[in-house]
Amino acid sequence: MSSYTIRPATAKDAKRITDIHARVSDEIYEALLPADAFKPQSLIEGLAFWRDAIEYAEPQVLVAVEGDTIIGFVGFDRSRDPGTKPVVGEIWSIMVEPTYWNSGAGLALWDAAREGLQEEGCTQVTLWLPLGNERALRFHELAGFKRELPSARTVDVNGFRLEEIRLKRSIA
């Protein structure tokens, strides 16, 4: 049983979510991209995205809270992949403040997102991860996700090509 409170994000949470997203993204991409391709996310762009996501529930956003401090978040909704059946959900992003890694916060967020997807009628869930993000890959594999090897795709990150792979699991 988790000691973290998981609740829907509110408009006032957008700044903290943006901070966590930027910090974790910077750590991930700094390790995966050459120095000249790595550009930290603009705080203004990130804040606008998360404010809109919270306001319009696209994706739905939940936060993990310890005391009065938001320590992580998850964004989830129906899959954005073209041709996907309506019963397939997607974890758009799940991030926890690095000082809380291995504390159960990520698992608590995943459990809450899974329940939310079940309530939406989803029977499967996918997510995309950059190849080389071994910590996230281990986390999701421990949570029951399996790699879909033929799903690899290349995305552009500041002019640098980054390979991603899709993971999938049943929601049961």
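Points to keep in mind about this one:
- Residue match in segment 91-100 (condition: at pLDDT below 95, surrounded by fewer than 17 Cβ atoms within 10 Å (Cβ to Cβ) and either of a type outside the set (Phe, Trp, Tyr) or in contact with a His (Cβ under 9 Å, 6 or more places away or on another chain) (or both)): yes
- Test: residue in segment 52-61 that is in a strand (DSSP E or B), in contact with a Gly (Cβ under 7 Å, 6 or more places away or on another chain) and modelled with pLDDT of 95 or more: yes
- So Trp128, is it free of Cβ contacts under 8 Å to residues at least 60 places away in the same chain, under 16 Å from Lys168 (Cα atoms) and in a helix (DSSP H, G or I): no
- Number of the exception - Asp111 against (1) within 19 Å of Gly75 (Cβ to Cβ); (2) touching an Asp or Glu at 6+ places or on another chain (Cβ under 9 Å): (2)
- Restricting segment 106-148 to residues that are at pLDDT 95 or above and of a type in the set (S, T, N, Q), the residue that is surrounded by the most Cβ atoms within 10 Å (Cβ to Cβ): Thr126
- Top-ranked residue in segment 132-164 [being part of a loop (DSSP other than H, G, I, E, B) and in contact with a Leu (Cβ under 8 Å, 6 or more places away or on another chain); ranked as farthest from Ile91 (Cα to Cα)]: Asn158
- Enumeration of residues in segment 89-125 that are in a strand (DSSP E or B), closer than 17 Å to Ala172 by Cβ, touching a residue at least 40 places away in the same chain (Cβ under 8 Å) and of a type in the set (A, V, I, L, M): Val125
- Within segment 131-162, the set of residues being touching a helix residue (DSSP H, G or I) at 6+ places or on another chain (Cβ under 7 Å) and either of a type in the set (Asp, Glu) or without any contact (Cβ under 8 Å) to a residue 40 or more places away in the chain (or both) comprises Phe139, Ala143.
- So Leu107, is it farther than 21 Å from Val63 by Cβ and among the aliphatic types (A, V, I, L, M): no
The values are calculated or read from the model by the stated rules, or taken from the named source; none is laboratory data. It should be emphasised that the depicted structure is a prediction, and the values quoted were computed from it without experimental measurement. Reconstructed Cβ throughout: ideal geometry from the backbone, glycine too, with neighbour counts over all protein chains shown.
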